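Peer 1: My structure is below; once you've seen it, I'll send some questions.
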Amino acid sequence: MLPWHHVVPPEQSSQVSKTWLLFLSYETYTASNLPIRQNPSRLTTWLVFCIMAQNRKQQIIDSASRLIAQKGFEGLRTREIAEQVGINHATVHYHFADKEKLIEAVLQSVTEKIYQSDIEAPVSKNASATEKLATIFRNNLLQRQQYPERFTVLRELGMRANRDPRIERILSRLDEDLYAKMRAVLDSGVQSRDFRADLDTEQMAVMLITLLRGVKFQLDQEDINRYMRVYHQIEQDMLI
């Protein structure tokens, strides 16, 4: 039998992980209760409930994300979310006690999707640092082209970050993750002599991230080609 992560789509893996944790909590609860453990139907009911609850919660998050992308943060209404998902308004509040909790969940979901979505397959371990760095940069551009709504949500919530430290922390994590990836490749490129020995990898990583921040959200192929030409010009300055 294949491990679950071989048969579950990547976009559902975090959902399955959460359901598995709920299952473990059930196992802990029933470990010392033999009559309950001898009733398979109760376990099945518990697992079905866990999966349905997690699916419903993700549907609410996805609906809220779409509304923020379409109407902005000020256009987010829990009643409209309930209508889109096909649930009672009270169910939204059951999963998210207030609007702030929902917004935090939306941002967490969007950033997780950005972390996990490499549209272009990563290059092999034996690839040069220049190939690895170009792939990271290109993947970020391709995500903006194929999933512009994710970055629209980030922009909308980014304007709120100055007033909400929770949102600021999540957004900072996104930048830190991209920075760490780029810095690691730049450092390895200096060590392997793909890049100049005197290259300031910290400054270069910040420069590349700053360039990506300035990229517009609606991209066509010509836009991607243009930004990649700019990237390769910068790359020339890094080479020996």
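Every read-out reported here was derived from the displayed coordinates using simple, explicitly stated rules and does not represent laboratory data. Note that the structure is predicted; figures quoted are calculated from it, not measured. Every residue, glycine as well, gets a Cβ built from its backbone with ideal geometry; the counts of neighbours run over all protein chains shown.
Peer 1: Ser172 versus Glu222, label points 7 Å from Cα toward the beta carbon: distance in nm?
Peer 2: 4.1
Peer 1: So which GluC sites (Glu not before Pro) in the stretch 83-168 pass both tests, a DSSP loop state and at most 15 other Cβ atoms within 10 Å of the Cβ?
Peer 2: Sites meeting the loop and neighbour criteria: Glu120.
Peer 1: OK, next. Nearest 0.05, what FRET efficiency do Lys101 and Phe73 give at R0 = 22 Å with Cβ-Cβ as r?
Peer 2: It comes out at approximately 0.90.
Peer 1: Next question, about the same structure. Please tell me which of these pairs span more than 19 angstrom C-alpha to C-alpha: Lys71/Lys99; Lys132/Lys216; Lys57/Lys99; Lys101/Lys216?
Peer 2: Lys132/Lys216; Lys101/Lys216
Peer 1: Here is a follow-up. What is the gain in length, in nm to one decimal, between Asp237 and Asn55 on full extension, counting 0.36 nm per residue of separation less the C-alpha to C-alpha distance?
Peer 2: Contour length minus Cα-Cα distance gives 60.7 nm.
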